[in-house]
Structures are given as C-alpha cells and as structure tokens.
Amino acid sequence: MQKQKNYVWLDRFRLIAALLVIAIHTSPLASFSGEADFFLTRVLARIAVPFFLMVTGFFFPSDPDKLRKSLKKLCLLYGGSILLYLPLGLYAGHYRALYLTDALRMLLFDGSFYHLWYFPAAITGIILVFALKRVLRLRWVCVISVVLYVIGLFGDSYFGLAEKLPPVKAAYEGMFRLFSYTRNGIFMAPVFLVLGILIRKYSLKALRLSALRYALCLLVSFACMTAEAFTLHNLRLQRHDSMYVFLLPVMVSLFLLLLSLPETAAPRRTTAVPIAGAATPRRTAVASAAMWIYLLHPAFIVLVRAAAKLLHLTGLLVDNSLLHYLAVSILSVAAGLALSFLQTRFFSKRWMAQRLAKTASPTSRAWIELDLDALRQNVVLLQKCVPDGCRLMPAVKANAYGHGAIPIARELNRLGIDCFCVACAAEGIELRRAGITGEILILGYTHPTEFSLLCRYRLTQSVTDYAYAEKMQQSGIRLHVHIAVDTGMHRLGIRCEDIEHIAAVYQMKKLLVDGIFTHLSACDSAAPDCHAFTESQILAFRQVVKALSQEGISCKGIHLLSSYGMLNYPGAAESYVRPGIALYGLFSTEADTRNLHEICPLEPVLSLKARVASVRTLYAGESVGYGLAFTADHDMQIAVLSIGYADGLPRELSCGNGSVLIGGQRAPIVGRICMDQTLIDVSQLSDVKQGDTAVLIGVSGSEQITAGELAGKCHTIANELLSRLGSRLERIM
Ligand SMILES: *Cc1c(COP(=O)(O)O)cnc(C)c1O
C-alpha cells in the first residue's frame, strides 16, 4: 500500500517562490549592498522559476487530453497577460519599431513583457518533453534535457567561456538572433520538467532520506551554487544569470525536502483515495494565489511607483528598495489571495460541475456510465489484499472487460498504476496511442511479423512456448518478455517440468526477460479437488522459480494470481497480481460477488443504460417484435429501448427472461431482443415517456440489476457478458 502524500509544502513554497520573483524584479537590497542584492536576486531567487517548472513536471499528466487542456489553459493565461500588459508595454515603448521577427521572438521566447517569458518557456518545454516522451524512454528524455541545459548554461552564466571559442561564439550569436536568452523553453524548461517527472516516478513510494538529510543536501548544494555564482560574476563570465550547474542539485534537494516535510494542519482534500500516485494537475487556493501574484506583481510595481509620485513619497516607497519591495509584495499578495478566493468560490471545477450537473445528461441512444470513484476504491481494496511491495497489474484486455480500455487505463495511470496486461498487440498499441504509460504485457500470441510493433510501442510479450521464444530470438529484434509457465492449465506457457527450456529463454540474447508467470485454472472454486489442484499449481510454479535460482537465474517480475487467486490464495502473491474482473467491482457469478463482498467490499464500476425511443400501445391480440414471439392478451403499454444485441445485450434475455429498471421500477423485456432495439412492457409503470432512461445494469431507486444477475440468466459469467458490450456504446464518466 502506498503511503498517502500531501502536497501542502509544495503549495506553500509556491508563495515563497512568487515572493522571490517579485524580489528579482524589485531588487529589495539594492539600496544597501550590491553583493547582498546579487545574492538575493541572482542566486537565491533563481530557484523560483525552476521550482514552478518542477511542480509542473511533478503533476505532468500522462493523458494527452489532460495535457492538451493544461496547455490550453497556459496559452489562455499567456494571451490574457499579453493583453493585460499591452498598455504598459506600449507606454514603456517595448513595441516600437517592431518587425515581424521581433514580434515572433517576443511571442515564442522572450514574452511580451519582462516577466511573461515564463509562459512561452513553460509551453515550449511541456510540448518538447511530451513529444520526446512519446518516442523515447524517459532515460533518453533525461539525457537530452540535460544536454540542452548544458548548451543553455554556456549561453547564460558561462557565456564568457563559450565566447573564447570563435565558432562556438558564432553559434550562440546565431541563436541569440532567435531568442534573447537561453533561459527559455528549449534549454532551461525541459530539465526541470523532467526532474519533476522523475521525482514523481521514483521518490513517491518511499522518500529514502529524512527531511533533515535533504535539508543538509540543500544547504551544501546551495552553498556550492552561491560560490559558483559569485565566481562567475567576479570573473565576469556571465551574460545572464539564470542557469547554474549547482541549480540542479539545489532544486532536487529542495523538492525532496518539501515532499518529506511533515504536514501540519491543512485538512486533506482527497480523503476518498489515499493513493500517492493520484496526481492530476490541480489547483489549490494557494497555488492559484501564487499564480496571480506572479502575473500581477509588475502591475503593482508600476502602481506603487505612480502612487509614490502622486503622494510625493518617492523617497520612501521607491528609493528605499526594501520598502518598495514590501509595498509591492503586500499589494500583490493581497490581490493574489483575494482573486484566488473569488476563483475557488465561483469558478472552481466543483462549482461548475454543480451548475452543469442539473442540466447535463447523456444524449446517446445507449451508453455505459463508469463510476471512477468505485474504480479507485476497488484499487485501494485490492491493494490491501496483497502484501506490501506487490504491485497491481490490472487486466484491461477486451476493452477493459467492456468498460473502455482507454478511460479505465487512464484513471489507473492517474492512480499510480504503471503495469497492465492485455490480450493482444492491438490492445497494447491502442493504449500506447492514448498515452498510457508503464509496462504493458501481452498475454497472448503475437504474429512474428508484428514483433517490430512490440518494440516500437514498448510492449512486453509473453513467451507462450519454447518454439515461440526461438522465433522471437531469430527475429533479431530486442524484445521485452515475460515467460509463461504451464503449471496445469495446459493453455499457454512452457511446461513447468521443462526447466531446461525455461532457463534457455533466459539465455537468449535478444530477449530481455522481465518476468515469469503462470495462470491458475481452478482457483475460483472451493471444491476440494480444485483447491488441491490449485495448491499443486502454486507449488509447481514455486519449484520452477527455485530450480532456476539453483541454476543461477534470479527471477524477477513473478506473478500468478488473477482476481479469484488474490482473494482465495493471497499468500501466493509475488511481484505482481493480475486482477481483472474484481477491479471492475464484481466476480464471475452473482453468488461469488455476494460471498466475497464481506472480505472485499468491491463496488461495480459500470452501469449500462439506454434511452426510451418510443412509448406505444399494444392492443390485445397484437404481436410485438420479430417472429410473433409475444402476443398481448390484453391492452398494454410498450416502451422501445434503443439498445440491442449488437450493443452486447444478450439475446437470451428476450421474452421475459430479462428486465430493466425505469424510475426504480422493474419492467420485463417482451418479445425478442433486436439488433438495435429492445421492447419492454411498461404497463405496470407510471408515466414512462419518450427520452426517459432505462437501466439495464446498475441502480435505479432502490432496485439494482447486476452484471452477475444478467450473466446467470444467460448461463454465462459476468466476464463474458461485460466483455461483449459493444463498441457502439458511448462511455461516460
Ligand atoms: C484474463 C486474465 C487475467 C484476469 O483474470 P480475472 O479472473 O478477470 O481476474 C489474469 N491472468 C490471465 C493470464 C488472464 O488471461
């Protein structure tokens, strides 16, 4: 179970960072000492912008839609601030004699007003990092961003050195025609975004050191940075002073320190989901106050100067740099807090949602509603079933059992889950294209002509038998694999007796064996023979791992439990577990779901609903639907639902076998279910109208129809019923 983290200190530090930015622009100590001012504004305050970038990286959404949304927001904010500062810029003469190239340079790199460079830098950096992350492993994205940073360094505080080599100097001068500084979205932003991403990825589960140690690291690296800055300054090497070598360790230790500080007060906002990985870009009141301060402080600088002039207080409020700084800061902070209060009060997501919820409802003919809170809760419950250190590798095959693989995997990614299993390459590719990160294991067979796709989309392939392993090896493509071991299901995998061949796969040069697994074929049943058989499978698998270790092969990535295995044999959990059906809040049969509810109170994630297309009278003696399958013996009211077997509603539910819920009341299905329509008898229901919603799976009033119940009526299991739900259904959250 991951420990819950709270980000209060990250939020609090945003305010400090905003105050440091004001310092950069007002030089509070300038009237006292040049050195002190240099230290404050050119050394200490230089952590502010990298900090904002790291926070952005830390909450970097892996979901392209979310990313697009945050980018759009940033662009809007940038556009708004350009307009806001247009009059000031005009007044100051910034835009005089402006050529198109200058305008572009301003817009894309420098910002149209002096502090606004942050926006194009953040936007460019985010796009760059995201694009790199799509095509490269994080490791390489890291390397590239560090290289860019080094190039940036030599155009910034180390420019004096770069200048000494004429060709290098010429190259930099060329670059400076495109942008005025290298502290921009290309050279500076990526490395800090990536650092944020890395910290989120590696340090959250366990911060290795104590807060005190991080504070010590921070102190030492900051001392080094100060020495670096003063040395460069005294040697007059600096062209600009935003980038230092030691800024990187300073930022990392600062960030880790903030994450490891004990949280005080501040009530938890996310009580429902105590999972560390649940990071989505979020805006707390403090965070938005910091943003407003950043945005507005230049306006207050102008305001304070103008007011001082008017009131004849220039000597006090402008010439005394410290008082000037304080005046600007107080005004900015007050405005920031006030605006953020208004914003959270009137424009927060929740507020909007409350307003919209009253009017918005799906317009489709038939749809699936996903309860992501239920999914989150199931993840938490399942994580509790297995020992610490064992990770969930949810089965999102078959379109996540009909739920919709992309929305489900996205939410799981958000919850910090970073390994999945799917049935085939196409499913894995679909997830990758949707921006799903982490390991994706293909449980089934992939044709050798598609091996290159596995590589391109970073998919992990199961070794389904030894001959297949040889084919993979011969393909010459480096492939990540998990070895499937057949311990008695006799479906896929190398036989467990065949240690020699299993060991041989580990020796294959082209295969990177990341895991080894088996599948239990009878772990759902408590019958004595099934129980004994399952125990024998578990034992056989353990012996394989042991035999391999005797041959000097230490197996990693060991897994064998699916949903039933997790609940019935929790002691057998190893590195991963592969829950499928349980993740979606149920078990294969209604009886199991009810029995296991006590151990693990899962919540169903999916509801299936359809629209009432028409309500009509069926007079006595008339038939409804195909094949004269139902004839009315009295006058009745029939409602036509726009859902049919093509949507995955089993035809076996026809003719009264199944029913639906409307307004908390049950209405039986009459006649045969058609491809796109289903007929129900609503004679006993009051007031059913065209456009009403019928619930086929889910809750309506005090009534509920479960997938297990429907499956039972169709002599199958919920897994089959759900996984057959059609792609034509809209999926809404
Ligand atoms: C489908 C599948 C799972 C998930 O099974 P559930 O019973 O739905 O939890 C796990 N492992 C393998 C190999 C599978 O094929």
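Yes or no, residue by residue, for (1) more than 16 Å from the ligand (Cβ to nearest atom); (2) of a type outside the set (Ser, Thr, Tyr):
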{"site": "445", "(1), (2)": "no, no"}
{"site": "471", "(1), (2)": "yes, yes"}
{"site": "475", "(1), (2)": "yes, no"}
{"site": "488", "(1), (2)": "no, yes"}
Picking from 561, 548, which residue would you name as being at pLDDT 95 or above and near the ligand (Cβ under 10 Å from one of its atoms)?
561
Within the range 134-179, how many residues are touching a residue at least 40 places away in the same chain (Cβ under 8 Å) and buried (at least 18 other Cβ atoms within 10 Å of the Cβ)?
13
Suppose we filter the range 5-29 for residues that are aliphatic (A, V, I, L, M) and farther than 17 Å from residue 50 by Cβ; how many remain?
2
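Listed here are the residues, each with its yes/no results for (1) more than 13 Å from the ligand (Cβ to nearest atom); (2) surrounded by fewer than 22 Cβ atoms within 10 Å (Cβ to Cβ); (3) not in a helix (DSSP H, G or I).
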{"residue": "376", "(1), (2), (3)": "yes, no, no"}
{"residue": "382", "(1), (2), (3)": "no, yes, no"}
{"residue": "389", "(1), (2), (3)": "yes, yes, yes"}
{"residue": "400", "(1), (2), (3)": "no, no, no"}
{"residue": "406", "(1), (2), (3)": "yes, yes, no"}
{"residue": "410", "(1), (2), (3)": "yes, no, no"}
{"residue": "420", "(1), (2), (3)": "no, no, yes"}
Going through the range 412-431 one residue at a time, which ones are within 13 Å of the chain's Cα centre (by Cα) and among the charged types (D, E, K, R)?
414, 418
Select from the range 581-595 the residues that are farther than 18 Å from residue 376 by Cα and among the small types (Gly, Ala, Ser) and write down the one among them that is farthest from the ligand (Cβ to nearest atom).
591
Name the one entry in 356, 382 that is at pLDDT 90 or above and farther than 17 Å from residue 731 by Cβ.
382
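Residues are listed down the side, and each one gets a yes or a no for (1) closer than 20 Å to residue 232 by Cα; (2) more than 38 Å from the chain's Cα centre (by Cα):
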{"residue": "155", "(1), (2)": "yes, no"}
{"residue": "158", "(1), (2)": "yes, no"}
{"residue": "165", "(1), (2)": "yes, yes"}
{"residue": "178", "(1), (2)": "no, no"}
{"residue": "191", "(1), (2)": "no, no"}
Checked the range 554-603 for anything of a type in the set (Val, Ile, Thr) and more than 15 Å from residue 541 (Cα to Cα); matches are 581, 589, 593, 599
Yes or no: residue 625 at pLDDT below 95 and loosely packed, with under 15 Cβ neighbours inside 10 Å?
no
Selection within the range 489-515 - among the acidic types (Asp, Glu) and either buried (at least 20 other Cβ atoms within 10 Å of the Cβ) or in contact with a strand residue (DSSP E or B) (Cβ under 7 Å, 6 or more places away or on another chain) (or both):
514
Considering each of 598, 574 in turn, give the residue that is in a loop (DSSP other than H, G, I, E, B), within 14 Å of the ligand (Cβ to nearest atom) and either within 31 Å of the chain's Cα centre (by Cα) or free of Cβ contacts under 8 Å to residues at least 40 places away in the same chain (or both).
574
Would you kindly identify the helices (runs of 4 or more DSSP H) lying entirely within the range 33-94 that contain at least 3 residues that are surrounded by fewer than 20 Cβ atoms within 10 Å (Cβ to Cβ)?
34-37, 64-92
Could you tell me which residue of the range 215-225 is farthest from residue 45 (Cα to Cα), considering only residues that are touching a Phe, Trp or Tyr at 6+ places or on another chain (Cβ under 9 Å) and crowded, with 17+ Cβ neighbours inside 10 Å?
221
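The values are calculated or read from the model by the stated rules, or taken from the named source; none is laboratory data. Bear in mind that the values here come from a model prediction, so they are computed numbers and not experimental data. Methodologically, a virtual Cβ is constructed for each residue, glycine included, from the backbone with ideal geometry; neighbour enumeration extends over all protein chains shown.
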